[in-house]
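The numbers here are math on the coordinates, done by the rules we state, and not lab data. Because the structure is predicted, anything quoted here is derived from the model rather than measured. We place every Cβ from the backbone using ideal geometry, glycine too, and count neighbours over all the protein chains shown.
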Amino acid sequence: MLRPLHVYVHFPWCLEKCPYCDFVSYKTERTQIDHEGYADALVRELDARAPAFEGHELASIFFGGGTPSLWEPKALGRVIGAIRAAFPRERTAAGGVEITSESNPTSLDEARAASLVEAGVNRLSVGVQSLDDDRLKYLGRLHDATLAVRAVKAAIATGARVSADLIFGLPGQHAAIAAEDAGRLVDLGLDHLSAYALTIEQGTRFGDLARRGKLPLAEDDAICDAFLAIERALENRGLEHYEVSNYARPGQASRHNLGYWRGAPYLGLGTAAYGFLRLAEGGLRYRNAIEPARYVAGTKTLARGVPREGDGVTSTAEPLDRETLLRERLMLGLRLAEGLDLDEAARDLDIPLADAWSRPRRRAMELLVQSGGLVVAGARLAIPSARRLSTDGIAARLF
Ligand code: SF4
């Protein structure tokens, strides 16, 4: 039986570097990007990685970045075509292959949205972040609220599935305002919304300012209030809070991201892309070179095979044993409202049930259940909605 495989493609350029962003993205002008050359490199990498996805069917493709909407849709479409042609079969169940492209309002008008859909994209994700111009300035974004709304409407007009990203927990942002932004966006006709609390990452401009005490930040209580207010506003509109930061109308959850959270393997292609593959003895997490020139040059001499350090494209390749994979399943699966089935995870990873349900883990579960941090129903573990903001800490206690 063919196993599902998701494909992530990284596009590493943006018009500006946002001060909070720790993704690999380089500031550039659209005209400075070698659109076709980057597509050529991805196709070379895909060809060379074929042994890594033998025995798999294609489940989804996700273009992330960076700002993939800066990429010429023709070049992006060529990559979609190559990926689809490389797999012996595509998933036909549950709506078929989901093909998402991230985008920013500064590079998504009606013509661009239509070209992306023509190129094969069937789900557009728009980086709105806020509908308040002052907050957008604080976040260093190039767009204003008017442009954000225009981009969302352009995406919806294509008939593709549409999601938007929102950042909450901004200084001076009242919970009601954060919820109002979320509600206004959904009222435009979205079927999915991702709402993330602002996190300050080391190595970013915000990280530097925060370290020096020069960045205004929201209090933890205000962040928590905004999280709950957004949840109420979206659930009132019929969206399900299916993952800590994600809401969807029934049947509209991101199938690509569900794959990550359920522990499915994914092939990462492109500069700085992460990938996760299942191997007979466990798993392999790898990352590609983070400089575009190095990545593109490396694909020219890349030999066929599974990613390995020293192959010219892969910067790190880390083997993962089964117990590590089970801990990752717990960490990721507990982010979902559905939680995870520990028996199923153990069977999939070939771990004896007695080890998955080890005495220390069962004891930790009992304590968490007593404190209201966990619900256990048969073999299924889930975190109640009121404790979702503490997901990482709760999951870590089950390691
Ligand atoms: S647009 Fe997105 S990927 Fe690009 S710098 Fe800003 S947050 Fe990062």
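Given a Förster radius of 45 Å and the C-beta distance between residue 34 and residue 1 as r, what FRET efficiency does 1/(1 + (r/R0)^6) yield to the nearest 0.05?
Details: r = 40 Å, r/R0 = 0.89.
FRET efficiency, residue 34 to residue 1: 0.65.
How many percent of the alpha carbon pairs in the stretch 150-242 exceed a separation of 18 Å? Result for the distance tail: 51 percent. Fewest-first ordering of 315, 163, 371 by other beta carbons within 10 Å of each residue's beta carbon gives 371, 315, 163.
In this label model, residue 228 and residue 214 are separated by 3.6 nm, measuring between points 7 Å along each Cα→Cβ vector. Work out which helices of the chain, taken as complete DSSP H runs, extend at least 15 Å along their axis over the Cα atoms and score a mean Kyte-Doolittle of 1.0 or more, then list them. Qualifying helices: 145-157. When you work out D = kT/(6 pi eta Rh) for the stretch 17-150 at 10 °C and 1.306 mPa s, using the Kirkwood radius from C-alpha pairs as Rh and the Stokes-Einstein form, the result is 98 µm²/s. Its DSSP H runs of at least 4 residues, each contributing -39,500 (n - 2.57), put the calculated 222 nm mean residue ellipticity of the chain at -11000 deg cm²/dmol, to the nearest 500. For residue 240 and residue 353, the difference between the fully extended length at 0.36 nm per residue and the C-alpha to C-alpha distance is 37.5 nm.
Applying the Karplus relation 6.51 cos²θ - 1.76 cosθ + 1.60 with θ = phi - 60° to the stretch 376-386 yields 3J(HN,Hα) values of 10, 10, x, 9, 8, 10, 8, 9, x, 3, 5 Hz, where x marks Gly and Pro.
In percent, what relative contact order does the chain have, based on Cα pairs under 8 Å that are 6 or more apart in sequence? List each step's numbers first, then the result.
Details: 760 pairs, mean separation 61.0, N = 399.
RCO, the chain: 15 percent.
Taking only the alpha carbons of the stretch 106-183, we obtain Rg and Dmax values of 13.3, 42 Å in that order. For the stretch 180-231, trypsin sites (Lys or Arg not before Pro) are listed when DSSP marks them as loop and at most 11 other Cβ atoms sit within 10 Å of their Cβ; the list is 212, 214.
Rounded to two decimals, the Cα-based Rg/Rh of the chain, with Kirkwood Rh, is 0.95.
Packing around the peptides 22-31, 321-330, taken as the average count of other Cβ atoms within 10 Å per residue, puts them in this order, highest first: 321-330, 22-31.
Amide H contacts of residue 337: 243, each under 5 Å away and 5 or more positions distant or on a separate chain (H built 1.01 Å from N in the peptide plane; Pro and chain starts excluded). Beta bridges from DSSP with both residues in the chain: antiparallel share about 40 percent, rounded to the nearest 5. If you take the Cα centroid of the stretch 99-175 and the Cα centroid of the stretch 344-399, the two points sit 36 Å apart.
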